[in-house]
Every structure is written in C-alpha cells, then in structure tokens.
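Taking it in order: structure first as structure tokens, then the write-up.
The values are calculated or read from the model by the stated rules, or taken from the named source; none is laboratory data. What you see is a predicted model, and the numbers here were worked out from it, not measured in a lab. Cβ sites come from the backbone with ideal geometry, for glycine too, and all protein chains shown count toward neighbours.
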Amino acid sequence: MFIEKIKNFLSQCKRVFLVSTKPGKDEYKLSVKITGLGILIIGIVGFIIFLITTAIGGL
C-alpha cells in the first residue's frame with residue numbers, strides 16, 4: 001500500500017515535469033512584478049501596524 005502511494009506520487013511528478021516549460025521573458029517579468037507588489041503591500045501593512053501600536057502607546 002505504501003509502495004503504491006510512492007509509485008503513484010512519482011508518476012504524477014514525472015507527468016508534471018514533462019508538461020511544464022521554462023517561463024518566457026514576459027511571464028518572468030510579470031511574476032517579478034506580482035511578487036514585488038506583494039512584498040510592498042506586506043511591508044506597508046506592517047508599517048501601518050507599527051505606526052498604530054506606536055501611537056497607542058507601544059503595546
């Protein structure tokens with residue numbers, strides 16, 4: 001049973017590797033922009049939380 005699960009998992013991994021392709025230049029740029037935007041948003045939210053806690057009295 002455990003061996004069958006491993007074989008099934010490896011079969012699925014092989015199928016994914018065969019179908020996947022290297023990202024093109026445009027796709028890579030889009031991925032970098034989205035990742036950068038996410039990091040920026042998380043930073044802004046963290047800074048706002050910092051300002052609020054500082055204004056309240058430094059919980």
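Being within 26 Å of the chain's Cα centre (by Cα), acidic (Asp, Glu) and surrounded by 10 or more Cβ atoms within 10 Å (Cβ to Cβ), is that true of even one residue in the stretch 18-30?
Step one: of the stretch 18-30, the residues within 26 Å of the chain's Cα centre (by Cα) are 18-30.
With the extra rule that they be acidic (Asp, Glu), the set shrinks to 26-27.
Now restrict to residues that are surrounded by 10 or more Cβ atoms within 10 Å (Cβ to Cβ): 27.
The answer is yes, given that some residue of the stretch 18-30 is within 26 Å of the chain's Cα centre (by Cα), acidic (Asp, Glu) and surrounded by 10 or more Cβ atoms within 10 Å (Cβ to Cβ).
Only residues in the stretch 40-54 that are modelled with pLDDT under 95 count as the first member; pair them with residues that are hydrophobic (A, V, I, L, M, F, W, C), Cβ under 6 angstrom, at least 6 apart or cross-chain, and list the lot.
Partner pairs satisfying both residue conditions: Thr53/Leu59.
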